[in-house]
Every structure is written in C-alpha cells, then in structure tokens.
Amino acid sequence: MPILTYHLVQGQHEDDALAALLIRSAVLFADVTESPVDRIRVMVDERSAQRVCVGDTLVSESGACAPFFTFWLMKGRPIEQAHRLIAGFTDLLVDTLGVERSSIRGVVTMVEPEHWGIAGIPASVVRQREIDARAAASGGSVS
C-alpha cells in the first residue's frame, strides 16, 4: 500500500535526478516498512512555476524551490516508521535534487485498512487472507 508523491515545480530538476529520486525513494520506503518493493508506488507531480506560490510570491517571479511530499501508510504501523520516512524522503530531496533542506515540507496520512483498496478489495480483507494463507501453510496460527 505505501504510496509517495513528490510535488515539485516543473523544469527545476533534471530527468535523471528525478529518476534517481523515484528509485531511491521506492527502495527506502520498502526497507523502512519491510514491504515488498513491488507494492511501493512513487510518483512526481510537477506544477508550472505560475501555479506555485511560496509565501506571497509566485515561484515564476522568485525562482524559489518549494518541494512538498505526501505519503500514505495504513494505520497500525509504528510511528517510528513514519518519522524515519519523513527524514529519509527529506534527505533524498537534498541529496538527489540539491534542494535546500529548510524549503522542504512533507506529510504522512494514516489510512484505515478498510478504507484502502488493493485490486478492488479492501486492504483489511487482503491482509486477513494473507494471514490465513500463512497460517494454513505453516499448519498453525500466524499473526
């Protein structure tokens, strides 16, 4: 379920740097959440400089860099994971895009598993099926 979106100003960063950011973010997300990397989704949403404002000045006028990221986790994960991801995604923006740390903002949204869909099925149901399958495979109960 882990999903991350970087919101960036269009044209401020090279495609190669954005590709590195995406890949490194997926690996970090998988490592921190102990999730298979193929379940991770990372994307960049770019806005024109005329559609982004820092303070009371359009970025098209100031040239400011205003990176923002959002990511979603299912409720029940340790808060330490969210904190590690906030720090990690910030570090990746600094390292891969050369963004000034003080300009970066980010937020995590915790989602109830029954409010998230995986292949059209509530995540709470998918999770329970996975738990039941592991229990059946081991011949006992698994949580």
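Of all the residues in the range 13-31, those that are buried (at least 20 other Cβ atoms within 10 Å of the Cβ) and not aliphatic (A, V, I, L, M) number 3. Taken together, 17, 30, 87, 66 contain a single residue that is modelled with pLDDT under 95 and of a type in the set (A, V, I, L, M, F, W, C), which is 66.
Residue 136 meets the conditions (1) hydrophobic (A, V, I, L, M, F, W, C); (2) free of Cβ contacts under 8 Å to residues at least 60 places away in the same chain; (3) surrounded by 16 or more Cβ atoms within 10 Å (Cβ to Cβ) in every case but one. The failed one is (3).
The values are calculated or read from the model by the stated rules, or taken from the named source; none is laboratory data. Keep in mind that this is a model prediction, so the values were computed, not measured. Ideal geometry is used to build each Cβ from the backbone, glycine not excepted, and the neighbour counts take in all protein chains shown.
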